[in-house]
1. Among the residues of the range 135-158, is there at least one that is outside the structural domain of Ile108 (by TED's automatic domain parsing), touching a strand residue (DSSP E or B) at 6+ places or on another chain (Cβ under 7 Å) and of a type in the set (S, T, N, Q)?
2. Looking at the range 55-75, can you tell me whether even one residue there is part of a loop (DSSP other than H, G, I, E, B), of a type in the set (Val, Ile, Thr) and buried (at least 21 other Cβ atoms within 10 Å of the Cβ)?
3. Report the residue count in the range 156-180 for those that are touching a residue at least 12 places away in the same chain (Cβ under 8 Å), under 13 Å from Met195 (Cβ atoms) and exposed (fewer than 13 other Cβ atoms within 10 Å of the Cβ).
4. Does Ile94 satisfy being touching a Phe, Trp or Tyr at 6+ places or on another chain (Cβ under 9 Å) and without any contact (Cβ under 8 Å) to a residue 24 or more places away in the chain?
5. Inside the range 156-209, counting only strands (runs of 3 or more DSSP E) that do not spill past its ends, which hold 1 or more residues that are modelled with pLDDT of 95 or more and within 28 Å of Gly139 (Cβ to Cβ)?
6. Count, please, the residues in the range 32-51 that happen to be in a helix (DSSP H, G or I) and either surrounded by fewer than 19 Cβ atoms within 10 Å (Cβ to Cβ) or over 27 Å from the mean Cα position of the chain (by Cα) (or both).
7. When the residues of the range 86-110 are filtered to those that are exposed (fewer than 14 other Cβ atoms within 10 Å of the Cβ) and outside any loop (DSSP other than H, G, I, E, B), which remaining residue is modelled with the highest pLDDT?
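The values are calculated or read from the model by the stated rules, or taken from the named source; none is laboratory data. Quantities reported herein were computed from a predicted structural model and do not represent experimental measurements. Using ideal geometry, Cβ is built from the backbone for each residue, glycine included, and neighbour counts are taken over all protein chains shown.
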Amino acid sequence: MGCGRVGSSLAAELEAAGHTVAIIDQVREAFRRLGPDFKGRTVTGVGFDRDNLIEAGIQEADAFAAVSNGDNSNILAARVARETYGVQNVVARIYDPGRAEIYQRLGIPTVATVLWTTDQILRRLTPEGSRSEWRDATGTLQLYEVNPNSDWYGRPILLIDELTPARVAFITRLGEAIIPNTHTVLQQGDLVHVMVTDADLKRTLEILSQTPEAEHS
């Protein structure tokens, strides 16, 4: 739902990946963004209207993205897709970060545009430090970028798994994402991304702020 810059880009990329795509927008002219090669279905109308959703194929859909420019419309459409039609993979774009957090806890995965943009800018202005990158729909598990004590450099990356409640998901080294194995050694400049529960986050950050030997002692 929504054929703006985000919606049209999503539609194009999904179709290029071999998926069948339908897109809904209130403004017919918006479909011009799709270009002449788009083979999917276009539906003019309100994205949370059930007749429009059915015309778009919601009853057979595997996924639904609500990316219009209205928070209320996006969350309403996402809830209809999830609760009325049983679509499992649903995401809503939300501009208000406060609302986004509430909807995440209600089980509607959201992308908070302002929060995401702010976070990405901060990463480039202040690369040091630790911050959340993603949170699951239940609000209890998150992907966290951590900045360990410099004494962790030169040690096996999986030592983090051994000494903290977190699990290393991947590292970013020189702009390239790497899934670590038993031979991967942490290097200075690596960005470490761990999966951790909210309950274990504080303890994980405490351990990583110290030397590995401090946890053994």
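1. Yes: the range 135-158 contains one or more residues that are outside the structural domain of Ile108 (by TED's automatic domain parsing), touching a strand residue (DSSP E or B) at 6+ places or on another chain (Cβ under 7 Å) and of a type in the set (S, T, N, Q).
2. Start the filter on the range 55-75 by keeping residues that are part of a loop (DSSP other than H, G, I, E, B), which leaves 57, 61-62, 67-70.
Adding the requirement that they be of a type in the set (Val, Ile, Thr) leaves 67.
Still in the running and buried (at least 21 other Cβ atoms within 10 Å of the Cβ): 67.
Looking through the range 55-75, at least one residue is part of a loop (DSSP other than H, G, I, E, B), of a type in the set (Val, Ile, Thr) and buried (at least 21 other Cβ atoms within 10 Å of the Cβ).
3. Number satisfying all stated conditions: 1.
4. Numbers: touching a Phe, Trp or Tyr at 6+ places or on another chain (Cβ under 9 Å): yes; without any contact (Cβ under 8 Å) to a residue 24 or more places away in the chain: yes.
Yes, satisfied.
5. Values: elements: 167-173, 176-178, 191-197.
Those strands (runs of 3 or more DSSP E) span 167-173, 191-197.
6. Taking the range 32-51 and keeping what is in a helix (DSSP H, G or I), we get 32-34, 50-51.
Now narrow it down to the ones that are either surrounded by fewer than 19 Cβ atoms within 10 Å (Cβ to Cβ) or over 27 Å from the mean Cα position of the chain (by Cα) (or both): 32-33, 50-51.
Looking only at that region, the number is 4.
7. Asn89
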